[in-house]
Amino acid sequence: KVADNRAVRLLNDEITIISIDGCDRQDIAHLLGIINSHNPKAIGIDVLFNFEYEGDEVLIDAISNCSNLVLPLAIDEQENIAIESYFYKDFDNLHIGAINLDSYSKGQCVRTFRPSLYFDNETINSFGAEIASVVSPEAYSNLKERGNECEVIFYPSVDFNILNAADLFTDTNLYKEAIENKIILLGDLHNTGDYHRTPISQGTPGVIIHANIINTILSGSYIKSMSNWLSWFIAFVLCLIFIIVKVFSDKLKGLDPLVMRLFQLTCLYVFFVMGCKIFINKLFYVDFSPTMLMITIGLF
């Protein structure tokens, strides 16, 4: 949150999000035709079409005309079933990515993403990773070479171009620059059922989380972190130093205990600021919480 509240922000000019709130399937088909005519790098649809409706031929035809389209798949890991659009079986060589987000309860923060998921003895790329593989094989290869089961999503200070589908229906050419050679993500921005907690917001639409995942992969903004044992080692060493200072200060007559309390609070503040600075400037997460905890209870 500290990093996200900085005055300096980055507009990701590679990704454009188009809100399809209120659009029916005919509208989405029309929208895909408009987008495809402006030659985007890739199109990702964060919508599942579970049931067949009359007139779906227009939508299916629009999808078949988009060669760089990535479609969603949801994996129910408890029931071990895949939830997909009903017409996938009619296509060959589809780009499909799992839209699962790493939150296991309604109130849990989505902090990480999995590059791939395992289902039915197959490896399925996540939605963001699949789009990255279409747009930048090099960035996708870097992600795979890291070999991590999950990666931290880089959220702070990143904005995206956001358009409404209705605007494109009104004047297509006006928004050509926002589409041409860009990654286009289609999804709902005002569906509260698809809102998720993130470290920077109590309610972030799923399509924006996917945009942040894609940005993390393409920009290589991977967050490194200190090992847990090293965090606790630093905590014990600094706590030991703090207690030694306290013991020696007790031998000095007239040293007000308030001075030690102020020193304690100063240390807490310094470590908090250091942690934020290192994270913002170096993309390195130093877990100072053990240190702050040990200093807080050190006087006991």
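Summed over region 247-257, the residues that are open to solvent by 80 Å² or more (accessible area, probe 1.4 Å) and at pLDDT 75 or above give a count of 1.
When ALA165, ALA211 are checked against the criterion of being among the small types (Gly, Ala, Ser) and in contact with a Ser or Thr (Cβ under 8 Å, 6 or more places away or on another chain), a single residue qualifies: ALA165. Taken over region 147-158, the residue count meeting the criterion of being more than 12 Å from the chain's Cα centre (by Cα) and open to solvent by 30 Å² or more (accessible area, probe 1.4 Å) is 3. Just one residue in the set THR112, THR170, THR123 is in contact with a Cys (Cβ under 6 Å, 6 or more places away or on another chain) and surrounded by fewer than 19 Cβ atoms within 10 Å (Cβ to Cβ); that residue is THR112.
The single residue among LEU59, LEU73, LEU94, LEU101 that is modelled with pLDDT of 90 or more and closer than 26 Å to ASN215 by Cα turns out to be LEU73.
Of all residues in region 173-198, those satisfying the criterion of being open to solvent by less than 40 Å² (accessible area, probe 1.4 Å) and out of contact with any Gly (no Cβ under 9 Å at 6 or more places or on another chain) are ALA178, ILE179, LYS182, LEU189, THR198. Residues in region 52-70 that are in contact with an Asp or Glu (Cβ under 8 Å, 6 or more places away or on another chain) and within 21 Å of ASN125 (Cβ to Cβ): VAL70 only.
This table checks each residue for (1) touching a strand residue (DSSP E or B) at 6+ places or on another chain (Cβ under 7 Å); (2) open to solvent by less than 40 Å² (accessible area, probe 1.4 Å); (3) acidic (Asp, Glu).
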position: ILE20; (1), (2), (3): yes, yes, no
position: HIS30; (1), (2), (3): no, no, no
position: ASP61; (1), (2), (3): no, no, yes
position: ALA74; (1), (2), (3): yes, yes, no
position: ILE96; (1), (2), (3): yes, no, no
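Residues in region 135-146 that are open to solvent by 40 Å² or more (accessible area, probe 1.4 Å) and in contact (Cβ under 8 Å) with a residue 12 or more places away in the chain: TYR140, ASN142, LYS144, ARG146. Going through (1) at pLDDT below 90; (2) surrounded by fewer than 16 Cβ atoms within 10 Å (Cβ to Cβ); (3) under 21 Å from the mean Cα position of the chain (by Cα) one by one, ILE244 falls short only on (3). Annotation note: Cβ proximity below 8 Å between a residue of region 113-130 that is in contact (Cβ under 8 Å) with a residue 40 or more places away in the chain and a residue that is basic (Lys, Arg) and part of a loop (DSSP other than H, G, I, E, B) (sequence gap 6+ or interchain) occurs for SER126/ARG114.
The residue that is farthest from ASP21 (Cα to Cα), counting only those in region 198-255 that are in contact (Cβ under 8 Å) with a residue 24 or more places away in the chain and among the basic types (Lys, Arg), is LYS246.
The values are calculated or read from the model by the stated rules, or taken from the named source; none is laboratory data. Keep in mind that this is a model prediction, so the values were computed, not measured. Cβ coordinates were reconstructed from backbone atoms using ideal geometry, including for glycine residues, and neighbour counts include every protein chain displayed. In case anyone asks, the SASA skips ligands and DNA or RNA and just uses the protein heavy atoms, side chains included. Shrake-Rupley method; radii C 1.70, N 1.55, O 1.52, S 1.80 Å.
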